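The values are calculated or read from the model by the stated rules, or taken from the named source; none is laboratory data. Please read all numbers here as calculations on a predicted model, not as lab measurements. Cβ atoms come from the backbone with ideal geometry, glycine included; neighbour counts cover every protein chain shown.
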Amino acid sequence: MAATATTGAEMVRLSAEQADAAAAECWAALLGGCDSPGRRLLPQRLRQLADATAIYAGTAWWYGDGTRLRTRITQARERIEDAVAERDGAEFAEAFIGYDEAVATAVARVGSMIK
């Protein structure tokens, strides 16, 4: 199980790095009032991060005890997507804080169960 957990954790880390890069590009585009590939790529990267988190967490936890966090992640991602579509930088920043916090909480809870 430790090898799977490490692989899952690495998937989450890689997905988080990719989402972070797309978010930074998106944030710059929102501030600059322009369009960028990161702005269009961000929703896909956020979904990939949520999917990697789900794999790391495992189906039983993700759809059981993790349901509340899974819902928070989905709702925050949807808020981010709406903010990007509306070019609302303040809403984007606020929604991203919620997304990051929900993903980090899920990863930390699962990580504490693995040890």
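Worth pointing out:
- Residue within region 59-79 that is at pLDDT below 95, surrounded by 18 or more Cβ atoms within 10 Å (Cβ to Cβ) and outside any helix (DSSP H, G or I) present: yes
- Verdict on A3 being aliphatic (A, V, I, L, M), at pLDDT 90 or above and part of a helix (DSSP H, G or I): no
- Matching residues in region 61-100 - criterion: being farther than 28 Å from G33 by Cβ and either of a type in the set (F, W, Y) or within 16 Å of the chain's Cα centre (by Cα) (or both): W61, W62, Y63, G66, T67, R68, L69, R70, T71, R72, I73, T74
- Scanning region 9-39 for residues that are assigned to a helix (DSSP H, G or I) and modelled with pLDDT under 85 yields a total of 3.
- Residue count, region 22-38 (criterion: aromatic (F, W, Y) and without any contact (Cβ under 8 Å) to a residue 60 or more places away in the chain): 0
- Members of region 82-103 found to be over 18 Å from A52 (Cβ atoms), without any contact (Cβ under 8 Å) to a residue 60 or more places away in the chain, of a type outside the set (A, V, I, L, M) and assigned to a helix (DSSP H, G or I), listed by number: D82, E86, E91, E94, G98
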